[in-house]
1. Which numbered condition in (1) away from every other protein chain (no Cβ under 14 Å); (2) farther than 20 Å from A:ALA148 by Cβ is the only one that A:TYR232 fails?
2. Quick one: in region A:191-218, of everything that is crowded, with 18+ Cβ neighbours inside 10 Å and either away from every other protein chain (no Cβ under 14 Å) or of a type in the set (Asp, Glu) (or both), which residue is farthest from B:GLY8 (Cα to Cα)?
3. Among the listed residues A:SER118, A:SER169, which satisfies the condition of being buried (at least 21 other Cβ atoms within 10 Å of the Cβ), modelled with pLDDT of 95 or more and either under 30 Å from A:LEU234 (Cα atoms) or touching a Phe, Trp or Tyr at 6+ places or on another chain (Cβ under 8 Å) (or both)?
4. From the list B:ALA153, B:ALA134, B:ALA148, exactly one residue is among the aliphatic types (A, V, I, L, M) and under 16 Å from B:LEU50 (Cα atoms). Which is it?
5. Looking at (1) among the charged types (D, E, K, R); (2) in contact with a strand residue (DSSP E or B) (Cβ under 6 Å, 6 or more places away or on another chain); (3) closer than 26 Å to B:LEU145 by Cα, find the lone condition where B:GLU77 falls short.
6. Go through region B:21-37 residue by residue and tally those that are buried (at least 24 other Cβ atoms within 10 Å of the Cβ) and either within 19 Å of B:VAL164 (Cβ to Cβ) or at pLDDT below 95 (or both).
7. Quick test of your reading of the structure: A:HIS277 fulfils all but one of (1) away from chain B (no Cβ under 14 Å); (2) assigned to a loop (DSSP other than H, G, I, E, B); (3) surrounded by fewer than 16 Cβ atoms within 10 Å (Cβ to Cβ); (4) under 25 Å from the mean Cα position of the chain (by Cα). Name the failing condition by number.
8. Do you know which residues across region A:189-220 are over 30 Å from B:PHE170 (Cα atoms) and either in a helix (DSSP H, G or I) or among the polar types (S, T, N, Q) (or both)?
2 protein chains.
Amino acid sequence: LTHGEPLGFRPLREAIAHQIAAERGVRCTADEVLITSGTQASLDLMARLLLDPSDRVWMEDPGYVGITSLLRAHGAEVVGVEVDSDGIDCEVGRRRCRSARLVYVTPSCQFPLGCTLSLQRRLALLDWALEEGAWIFEDDYDSQLRFAGRPLAALQSLDTSGAVIYSNSFNKMLFTSLRLGFLVVPEHLIDAVAAARSVIDRFPSVPDQATLCEFITQGHMEQHMRRMRELYELRFETLMRSARRYLDGFMELSSPGAGLQVIGWLAPGIGEDEAWHQAAEQGISTIALSQLTIDRSMPAGLVLGVGSASVRGISRGVRQLAQVLRRLRSRAP
Amino acid sequence: LTHGEPLGFRPLREAIAHQIAAERGVRCTADEVLITSGTQASLDLMARLLLDPSDRVWMEDPGYVGITSLLRAHGAEVVGVEVDSDGIDCEVGRRRCRSARLVYVTPSCQFPLGCTLSLQRRLALLDWALEEGAWIFEDDYDSQLRFAGRPLAALQSLDTSGAVIYSNSFNKMLFTSLRLGFLVVPEHLIDAVAAARSVIDRFPSVPDQATLCEFITQGHMEQHMRRMRELYELRFETLMRSARRYLDGFMELSSPGAGLQVIGWLAPGIGEDEAWHQAAEQGISTIALSQLTIDRSMPAGLVLGVGSASVRGISRGVRQLAQVLRRLRSRAP
């Protein structure tokens, strides 16, 4: 109880190194793992160490707005790089701003589009980072929750130059208010990272880390993830079935891919802002796609998540959403 | 489990506001309390919001080196301001660097000298802050552990202009690896602080906060602090008695005041570095006073703490320290 290591509780770091090697192909030892309070804090720490004000950072477009805000809070100039069905397109990035210092990517589970970064794009991104001396921040969240397609190992597993910083979070795997995540940092950065952590906030809570460590090493985590996969599959089935029945003509849902959300593309004549707002008034929490775009514009759509809604809540929500959209459609010219 | 507030768990903030009003005279509501992972993280957050690179910051001289390091990591120019038996001397600060942006102070329990900032000096500091538009970061750690003199209310209780940021830490009251502390922030800063926290690391662990909240509201904290006071008193008695018996002629101990350490002033001819080093080799962990000074020089001395040593360990440590110092003295010219 009386002390802690700046990198985090060693048995937990060992359990994590073991787990991500086996499940994600991440190449590291416990000495390269740093425990944090989650992805936001992980990127914050790395941005403090790696970014200077006005540095350019590539960000997936569309992408998670919390990350964009954080990068901007660091004084970075965020450059949106378009994502298509193969993930972020490095060629677009090179054309828009070749000499960025950092890129934030979600290779296994793009938020919000749910696509996976293709192998070819992965290699292109690593080539670019090596050429430009740029860093790649790989957010591997929800990588174990895949509902279509073949899982790919982490981008970090392909990195031979020490450019990739790998991040994941137990706040997403277990529960949001846990506040434990981790980074895998290239070996040549680890001393700087440990020194920074030590001066910024010393070390993470040891009781929390020790508890999580037991949870992992006793096999509960694996069991939990298996149960969650089944649960989310059931929720997606409910969502897709209800959508076919009630949303036809108003909204077309993308297929579940990686991650816990799909995009509901709005039918012509239904405005995104209005749909988002009126859904919210009915207690249906969505994200308007335009809230997640940076430099591009996209067709009107709402991000629909199954992460925190019950099966019954999803059925009811879809019916209510259908009423909202029907009203909006009937008013369309 | 699924969400948290950027300022922290509200029932805990309420319990804290209640407790510090009663025990420390701090004037605040739960709306001005922010839960952090401890003092280091608290100052880090405030420094990010309040300091620009090259800003001057007054720091108690001698003072806690972890704070000096953190301020320098923010690019601040740290100005040491001499501490005497009445605490930090504002007049010295005005002469050395009138227009500092921030001052870090431990008014109720100066580290390492154990003195208390006098009422006159408190008022002078508040006047200066108001004149210069400076911020006062009040670290009120260990304020309930006082072994001599009359307790004073927190400096914050005298502040009428919203210049004082009050900080305290449960890592010191309970155990180091807990990682929970808090700030009381002037009302006009709280929105900025909440926004920054939200983008930097979202919110603190809810289970930890809820547990601590129960611990406080059920009266365990009060009982714990009472027991700790008795325990530390016993340890100080042991230290002072052993010192009278074994250290006479080698080292003169300051009287316990506020906080869990005293200064052992070395007799002439005994070098501080050598004494510190050879004590460490015997497993006696001290801090050389010169490691804590910034711009001044002080007589040779070691900081001796009772916070993590048992009564038996203290007796044994003092005897071993006496042997080390006797050897060093016998070699003196």
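The values are calculated or read from the model by the stated rules, or taken from the named source; none is laboratory data. Please read these numbers as outputs of a predicted model, since none were measured by experiment. So basically every Cβ, Gly included, is an ideal-geometry build from the backbone, and we count neighbours across all protein chains shown.
1. So A:TYR232 meets the others, but not (2).
2. Per the stated criteria, the residue is A:ILE216.
3. Selected residue: A:SER169, the only one of A:SER118, A:SER169 that is buried (at least 21 other Cβ atoms within 10 Å of the Cβ), modelled with pLDDT of 95 or more and either under 30 Å from A:LEU234 (Cα atoms) or touching a Phe, Trp or Tyr at 6+ places or on another chain (Cβ under 8 Å) (or both).
4. On the way: B:ALA153 fails: under 16 Å from B:LEU50 (Cα atoms); B:ALA148 fails: under 16 Å from B:LEU50 (Cα atoms).
When all the criteria are applied, what remains is B:ALA134.
5. (3)
6. Counting residues in region B:21-37 that are buried (at least 24 other Cβ atoms within 10 Å of the Cβ) and either within 19 Å of B:VAL164 (Cβ to Cβ) or at pLDDT below 95 (or both) gives 5.
7. Here A:HIS277 meets the rest and fails (2).
8. Of everything in region A:189-220, those that are over 30 Å from B:PHE170 (Cα atoms) and either in a helix (DSSP H, G or I) or among the polar types (S, T, N, Q) (or both) turn out to be A:LEU189, A:GLN218, A:HIS220.
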